Amino acid sequence: MLRTVIFDFDGVIADSELLHFKAFNEALVSYGVEISKQQYFQDYLGLTDTDLFELLIEKGLLKAGKDQIPILAEEKKHCFEKFAQNDAVIIDGVAEFLNLLQENNIPIAICSGALLVEIETILKKSNLTANFETIVSAEQVEKNKPAPDGFLMALERLNQNHIPAIEPTECIVIEDSHWGLEAANAAGMKAVAVTNSYAADELKPYDAVVENLSELTIEQLKNICS
């Protein structure tokens, strides 16, 4: 039975992956480091800000101590907010799909590797805040994707308002990266991959794959959970 849908944010709701890419590079410019777009999508897109900077240090690409990561993360946050105010857009088909879920009384949540302030900035600008019962962001969980912690936290919060409790198998996760799909699978949830950031053959594991959320119907979602 379909009981809830949990969305990733960047690359699923908001066309913001390139804004994160630009913000990371702006934060890194004083260190003489630049990430190429290919590198970002191949190695870093699914990571939190902290995890990305930590990985760059571990690879020897960023000559900085780990004590500087919070400073870098704060600078990247400010850069992203600046870009998001002007350039962030909601992906085509998202608003209509959210309306479809609400018309069918399906509770909706977000679980993202982005910071809460980044998510809220774009949702507020787009008048979508009220669509979501809860938002789980990067700083709220100890282990981010591909760990299942964020999705399980979102489900736990949803279950504070829904009786009987929603089971993981009654959840559909919508993701655009293999990190998120792996996390959904680890949480015991169903997963729909949307090819906004990667081709279908680069995404796994999923129960369905679409190019745009407008392709999905309530009947299809129910069948995934049956």
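Residues checked against (1) within 30 Å of THR129 (Cβ to Cβ); (2) touching a helix residue (DSSP H, G or I) at 6+ places or on another chain (Cβ under 6 Å):
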site: ASP8; (1), (2): yes, yes
site: LEU19; (1), (2): yes, yes
site: ALA27; (1), (2): yes, yes
site: GLU34; (1), (2): no, yes
site: GLN39; (1), (2): no, no
site: GLU58; (1), (2): no, no
site: GLN68; (1), (2): no, no
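Scan region 139-184 for residues that are free of Cβ contacts under 8 Å to residues at least 24 places away in the same chain and over 24 Å from ILE69 (Cβ atoms) and jot them down.
Selection gives GLU156, ASN159, GLN160, ILE163, PRO164, ALA165, PRO168.
With LEU98, LEU19, LEU72, LEU55 as the choices, which residue is surrounded by 12 or more Cβ atoms within 10 Å (Cβ to Cβ) and closer than 30 Å to MET1 by Cβ? Spell out how you get there, then give the answer.
Working: LEU19 fails: closer than 30 Å to MET1 by Cβ; LEU72 fails: closer than 30 Å to MET1 by Cβ; LEU55 fails: closer than 30 Å to MET1 by Cβ.
Among LEU98, LEU19, LEU72, LEU55, only LEU98 is surrounded by 12 or more Cβ atoms within 10 Å (Cβ to Cβ) and closer than 30 Å to MET1 by Cβ.
In this structure, is LYS204 modelled with pLDDT of 95 or more, assigned by TED's automatic domain parsing to the domain that holds LYS143, of a type in the set (Lys, Arg) and in contact with a helix residue (DSSP H, G or I) (Cβ under 7 Å, 6 or more places away or on another chain)?
On the way: modelled with pLDDT of 95 or more: no; assigned by TED's automatic domain parsing to the domain that holds LYS143: yes; of a type in the set (Lys, Arg): yes; in contact with a helix residue (DSSP H, G or I) (Cβ under 7 Å, 6 or more places away or on another chain): yes.
No.
Of the numbered conditions (1) closer than 24 Å to ASN212 by Cα; (2) assigned to a helix (DSSP H, G or I), MET1 satisfies every one except a single condition; which is it?
(2)
Looking at region 69-83, is at least one residue outside any helix (DSSP H, G or I), within 18 Å of the chain's Cα centre (by Cα) and under 20 Å from ASP15 (Cβ atoms)?
Of all residues in region 69-83, those outside any helix (DSSP H, G or I) come to none.
No, region 69-83 contains no residue that is outside any helix (DSSP H, G or I), within 18 Å of the chain's Cα centre (by Cα) and under 20 Å from ASP15 (Cβ atoms).
Looking only at residues in region 137-174 that are of a type outside the set (A, V, I, L, M, F, W, C) and closer than 15 Å to LEU115 by Cα, which one is surrounded by the fewest Cβ atoms within 10 Å (Cβ to Cβ)? Steps first, please.
Narrowing region 137-174 to residues of a type outside the set (A, V, I, L, M, F, W, C): 137, 139-140, 142-146, 148-150, 156-157, 159-162, 164, 167-170.
Imposing the further condition that a residue be closer than 15 Å to LEU115 by Cα reduces the set to 137, 139-140, 142-145, 150.
On the way: SER137: 21, GLU139: 14, GLN140: 16, GLU142: 7, LYS143: 12, ASN144: 24, LYS145: 28, GLY150: 27.
The qualifying residue surrounded by the fewest Cβ atoms within 10 Å (Cβ to Cβ) is GLU142.
Identify all residues within region 11-26 that are in a helix (DSSP H, G or I) and either in contact (Cβ under 8 Å) with a residue 60 or more places away in the chain or in contact with a Pro (Cβ under 9 Å, 6 or more places away or on another chain) (or both); write none if there are none.
Of the residues in region 11-26, the ones in a helix (DSSP H, G or I) are 17-26.
Within region 11-26, GLU17, LEU19, HIS20, LYS22, ALA23 qualify.
Looking only at residues in region 175-226 that are of a type in the set (Lys, Arg) and closer than 24 Å to MET153 by Cβ, which one is surrounded by the most Cβ atoms within 10 Å (Cβ to Cβ)?
Initially, region 175-226 is screened for residues of a type in the set (Lys, Arg), giving 190, 204, 222.
After this cut, where a residue has to be closer than 24 Å to MET153 by Cβ as well, the list is 190, 204.
On the way: LYS190: 22, LYS204: 13.
Looking at residues that are of a type in the set (Lys, Arg) and closer than 24 Å to MET153 by Cβ, I get LYS190.
May I ask you to verify whether ALA109 is in a helix (DSSP H, G or I), crowded, with 19+ Cβ neighbours inside 10 Å and touching a residue at least 24 places away in the same chain (Cβ under 8 Å)?
Details: in a helix (DSSP H, G or I): no; crowded, with 19+ Cβ neighbours inside 10 Å: yes; touching a residue at least 24 places away in the same chain (Cβ under 8 Å): yes.
In short, no.
When residues of region 27-47 are filtered for being over 15 Å from the mean Cα position of the chain (by Cα), in a helix (DSSP H, G or I) and buried (at least 16 other Cβ atoms within 10 Å of the Cβ), how many remain?
Of the residues in region 27-47, the ones over 15 Å from the mean Cα position of the chain (by Cα) are 27-40, 42-43.
Applying the additional criterion that residues be in a helix (DSSP H, G or I) yields 27-31, 37-40, 42-43.
Keeping just the survivors that are buried (at least 16 other Cβ atoms within 10 Å of the Cβ) gives 27-28, 40.
So the answer is 3.
The values are calculated or read from the model by the stated rules, or taken from the named source; none is laboratory data. Because the structure is predicted, anything quoted here is derived from the model rather than measured. Cβ sites come from the backbone with ideal geometry, for glycine too, and all protein chains shown count toward neighbours.
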